[in-house]
């Protein structure tokens with residue numbers, strides 16, 4: 001099969017490993033920088049142009065979209081979907097995964113255990129928010145943060161109030177979460193395929 005890996009950097013370890021694994025299985029592998037694609041939209045004939053050539057005869061796409069280019073990267077993935085080309089990560093799943101609040105809402109609806117979480121629209125009632133998650137210590141996360149950036153552990157109530165008031169002053173959106181002491185700063189990422197855990201990794205903060 002002819003497969004395309006969407007990646008802005010072909011030298012990334014994850015990108016190179018995907019290409020190597022694909023070639024080992026006998027597939028024709030290509031790396032396409034999605035940030036340099038042009039999307040052609042016309043009646044019932046969507047297309048993608050890369051390096052002045054129209055992409056065609058592709059059997060599948062493996063998106064590796066960085067957080068900083070989520071909007072355009074998602075548009076490229078959606079364009080492949082419109083072209084009836086299989087994508088390993090659907091555009092809707094990509095958008096949801098980059099939205100912390102939406103992800104929590106989906107997990108909550110599915111009945112998964114979650115730390116108590118509060119999201120508000122620049123509420124001045126910081127004391128009430130702190131109480132709703134069980135008091136300090138608590139975790140404050142910027143909605144736009146990724147890879148651990150924009151995450152703060154407030155050890156006590158005064159610290160939590162000061163941080164929330166400062167963030168409100170900057171009009172930055174945050175979620176406030178209960179601190180799970182038993183986790184000891186670690187979390188486990190599970191990879192699930194068709195309802196079955198096929199792999200997992202532990203991240204230590």
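The values are calculated or read from the model by the stated rules, or taken from the named source; none is laboratory data. As the structure is a computational prediction, the values presented were derived from the model and not from experiment. Cβ coordinates were reconstructed from backbone atoms using ideal geometry, including for glycine residues, and neighbour counts include every protein chain displayed.
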From the list 150, 111, exactly one residue is at positive phi and modelled with pLDDT under 85. Which is it?
150
Against the condition surrounded by 12 or more Cβ atoms within 10 Å (Cβ to Cβ), touching a helix residue (DSSP H, G or I) at 6+ places or on another chain (Cβ under 6 Å) and assigned to a loop (DSSP other than H, G, I, E, B), how does residue 65 come out, does it pass?
yes
Do the conditions hold for residue 93, that is, is it part of a helix (DSSP H, G or I) and either at pLDDT 95 or above or over 18 Å from residue 32 (Cα atoms) (or both)?
yes
Here is a list of conditions, (1) in contact with a helix residue (DSSP H, G or I) (Cβ under 8 Å, 6 or more places away or on another chain); (2) more than 24 Å from residue 97 (Cα to Cα), and residue 155 meets all of them except one; can you say which number that is?
(1)
Any idea which residue in the range 184-193 is nearest to residue 139 (Cα to Cα), counting only those that are surrounded by fewer than 10 Cβ atoms within 10 Å (Cβ to Cβ) and out of contact with any strand residue (DSSP E or B) (no Cβ under 6 Å at 6 or more places or on another chain)?
184
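Considering the range 132-160 alone, what residues qualify as being in a helix (DSSP H, G or I) and exposed (fewer than 13 other Cβ atoms within 10 Å of the Cβ)?
Correct list: 158 only.
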Residue 56 fails exactly one of (1) surrounded by 15 or more Cβ atoms within 10 Å (Cβ to Cβ); (2) free of Cβ contacts under 8 Å to residues at least 40 places away in the same chain, namely (1)
Residue within the range 169-183 that is surrounded by fewer than 10 Cβ atoms within 10 Å (Cβ to Cβ), farther than 18 Å from residue 119 by Cα and over 18 Å from the mean Cα position of the chain (by Cα) present:
yes
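Please find, among 77, 58, the residue that is more than 19 Å from residue 189 (Cβ to Cβ) and part of a loop (DSSP other than H, G, I, E, B). Lay out the reasoning, then the answer.
Details: 77 fails: part of a loop (DSSP other than H, G, I, E, B).
It is 58.
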Just to be sure, is residue 124 assigned to a strand (DSSP E or B) and within 20 Å of residue 173 (Cα to Cα)?
no
Read through the list (1) in contact with a strand residue (DSSP E or B) (Cβ under 6 Å, 6 or more places away or on another chain); (2) surrounded by 10 or more Cβ atoms within 10 Å (Cβ to Cβ); (3) more than 22 Å from residue 67 (Cα to Cα), then give the number of the only condition that residue 199 fails.
(2)
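Quick check on my filter: what residues within the range 176-201 are in a strand (DSSP E or B) and under 30 Å from residue 162 (Cβ atoms)?
Within the range 176-201, 176, 177, 178, 186, 187 qualify.
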Which numbered condition in (1) closer than 30 Å to residue 79 by Cβ; (2) part of a strand (DSSP E or B) is the only one that residue 101 fails?
(2)
